[in-house]
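Below: the structure, in C-alpha cells.
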Amino acid sequence: MYPQSFEYISPRTLKDAVKFLKEHEGESKILAGGQSLIPILKMRFASFGYLVDIGGLQDLSYIKREGDSIRIGALTRTGEIEESQEIRMNNILLAEAASQVADSQVRNMGTVGGNCVHGDPGNDLPSVMLALDATYKLTGPDGSREVPASSFYKDSYSTDLGDAEILTEITVPVIEHGSGGAYVKHKRRSGDFSIAAVAAYVTINEMGNCGTARIAVTSIGPINFRSKEAEDFLIGKKLSDQNISKAVDLMVDSAEPAADPYGSVSFKKEILRLVGIEAISKATDRALGV
Ligand SMILES: Cc1cc2nc3c(=O)[nH]c(=O)nc-3n(C[C@H](O)[C@H](O)[C@H](O)COP(=O)(O)OP(=O)(O)OC[C@H]3O[C@@H](n4cnc5c(N)ncnc54)[C@H](O)[C@@H]3O)c2cc1C
C-alpha cells in the first residue's frame, strides 16, 4: 500500500527541526532511517501531516570516546556501530548486538537513535542500553535533558520522549577490565526479529563474586525490561553455572510472554532460558578474561 499523503520537511539545523516540531505538535513525526516508520506508514497503521526528516543533520552522526564513556550521535547508523573499532574494542556488548539487528540493508539505513526511541519491544538495542545503563540526551524547545534508559520505556511504542523532542545522543560506558557483556539472540531465520534475546552485563568484585549484574530481555512482553529477580540473585555470588542457571530460572518464572505465530508461551520461556544462560555465561567469561 501507499502511505497517506504527508508534507515532507527537511530542516537544516537541529534548532529548526525542534522549532518545527513544536509549532506542529501532534501532527508531525520525525523520520530518521525510515526502517520502522516507513513500513508503518505504508501499512497505514498511522499517518501524519508532516514528516520531519532529520537525516540531513550530519552533526548528529558520530562515535566519540570520552574518558570511560562513549558518546554516540543518534543518527549514527546501526551498521556504523557494528563496524566501529572504538565500539568493538571498548563495548563488545553493543557491537555484538548491532551486528544481529535485521540484515545489512536495514543496518545501513536504520539509526541507533531510531532503534532505541521507537519503543518496539522486539528491537535489540534498547535491551543493550538497559544492560549498559546508558543515558539518552533528549533535545527540545526548552533545551536538553538526560534520561537514563532505565526510566525511558513506558509501554509498547510509548516512551518518555516529548512530542517536540529529538533524541540527539546516547552515552554508554566503556566495558572495563573485570566486567563483561554479551548479547544472545534466538531468531527463526537470519535477519528476523528475535523470539527472545538477552543482553547481559556483569562485573566481578575483589572477592571474585558478582559485583554488578544487569540482565535485559528483548521480545518477551510489551517492553524491553531488566530482570530484577535474576540480577538480585546474582549480586554477591560466584558466577558459577549453577548460580547462573538459578538466576535464569527466576527470570523465566517472572517473564510473561504472549503466545503468537512465533510460538507458545512455554516455547518462548524455554528459548528465553537458553539465551539467558548463554548470555550471562558469555558475559562472565569475558569479565574473567577466559
Ligand atoms: C525487515 C526489517 C527487519 C528488522 N529487524 C530488526 C531486528 O532484528 N532488530 C532490531 O532491533 N530492529 C529491527 N528492525 C528495525 C530497524 O532496526 C529500524 O532501523 C529501527 O527500529 C528504527 O530506526 P530508523 O532510524 O530506521 O528510524 P525510523 O524508522 O525513521 O523511525 C522510527 C521511530 O523513531 C522515531 N525517531 C527516529 N529517530 C529519532 C530521534 N533521533 N529522535 C526522536 N525520535 C526519533 C520516529 O519518529 C519513529 O517514530 C527491522 C526493520 C526491518 C524493516
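The values are calculated or read from the model by the stated rules, or taken from the named source; none is laboratory data. Note that the structure is a prediction, hence the values are computed from the model and not measured. All Cβ positions, even for glycine, are placed from backbone atoms using ideal geometry, and neighbour counts span all protein chains on display. Side chains are part of the model used for accessible areas, which takes the heavy atoms of the whole protein and leaves out ligands, DNA and RNA. Shrake-Rupley method; radii C 1.70, N 1.55, O 1.52, S 1.80 Å.
Listed by first and then second residue, the pairs with beta-carbon distance under 7 Å, at least 6 apart or on different chains, first residue in segment 24-44 and without any contact (Cβ under 8 Å) to a residue 60 or more places away in the chain, second of a type in the set (S, T, N, Q) and surrounded by fewer than 20 Cβ atoms within 10 Å (Cβ to Cβ), are LEU41/SER47; ARG44/GLN4. Among the criteria (1) without any contact (Cβ under 8 Å) to a residue 60 or more places away in the chain; (2) in contact with a helix residue (DSSP H, G or I) (Cβ under 8 Å, 6 or more places away or on another chain); (3) farther than 15 Å from TYR183 by Cα; (4) of a type outside the set (Gly, Ala, Ser), the one ARG273 does not fulfil is (3). Report whether or not ILE87 is free of Cβ contacts under 8 Å to residues at least 40 places away in the same chain and crowded, with 23+ Cβ neighbours inside 10 Å. Yes. Scanning segment 205-249 for residues that are within 15 Å of GLY178 (Cα to Cα), assigned to a strand (DSSP E or B) and open to solvent by less than 40 Å² (accessible area, probe 1.4 Å) yields a count of 4. When segment 64-93 is filtered for residues that are in a strand (DSSP E or B) and near the ligand (Cβ under 10 Å from one of its atoms), the ones remaining, listed by number, are GLY73, ARG77.
Quick one: in segment 189-227, of everything that is touching a strand residue (DSSP E or B) at 6+ places or on another chain (Cβ under 9 Å) and of a type in the set (Lys, Arg), which residue is nearest to VAL252 (Cα to Cα)? Break it down stepwise before answering.
Of the residues in segment 189-227, the ones touching a strand residue (DSSP E or B) at 6+ places or on another chain (Cβ under 9 Å) are 193-205, 210-220, 222-227.
When the remaining residues are screened for being of a type in the set (Lys, Arg), the result is 214, 226.
Working: ARG214: 15, ARG226: 12 Å.
Among those that are touching a strand residue (DSSP E or B) at 6+ places or on another chain (Cβ under 9 Å) and of a type in the set (Lys, Arg), it is ARG226.
Scanning segment 250-290 for residues being exposed (fewer than 13 other Cβ atoms within 10 Å of the Cβ), of a type in the set (Gly, Ala, Ser) and farther than 21 Å from ALA213 by Cα gives a total of 4. Can you tell me which residue in segment 34-47 is nearest to LEU167 (Cα to Cα), limited to those that are more than 9 Å from the ligand (Cβ to nearest atom) and open to solvent by 50 Å² or more (accessible area, probe 1.4 Å)? Filtering segment 34-47 for residues that are more than 9 Å from the ligand (Cβ to nearest atom) and open to solvent by 50 Å² or more (accessible area, probe 1.4 Å), the one nearest to LEU167 (Cα to Cα) comes out as SER47. If you go through segment 13-33 and pick out every residue that is assigned to a loop (DSSP other than H, G, I, E, B) and either surrounded by fewer than 18 Cβ atoms within 10 Å (Cβ to Cβ) or more than 6 Å from the ligand (Cβ to nearest atom) (or both), you end up with 5. The criterion of at least 2 residues that are touching a residue at least 24 places away in the same chain (Cβ under 8 Å) and near the ligand (Cβ under 9 Å from one of its atoms) is met by the following strands (runs of 3 or more DSSP E) wholly inside segment 94-192: 135-140, 166-173.
Tell me, yes or no, whether segment 144-152 has at least one residue that is over 25 Å from LEU51 (Cβ atoms) and open to solvent by less than 10 Å² (accessible area, probe 1.4 Å).
Going residue by residue through segment 144-152, those that are over 25 Å from LEU51 (Cβ atoms) are 146, 148-151.
With the extra rule that they be open to solvent by less than 10 Å² (accessible area, probe 1.4 Å), the set shrinks to 149.
For segment 144-152, residues over 25 Å from LEU51 (Cβ atoms) and open to solvent by less than 10 Å² (accessible area, probe 1.4 Å): present.
Selection over segment 175-189 of residues that are surrounded by fewer than 17 Cβ atoms within 10 Å (Cβ to Cβ) and within 24 Å of ASN205 (Cα to Cα) gives a count of 3.
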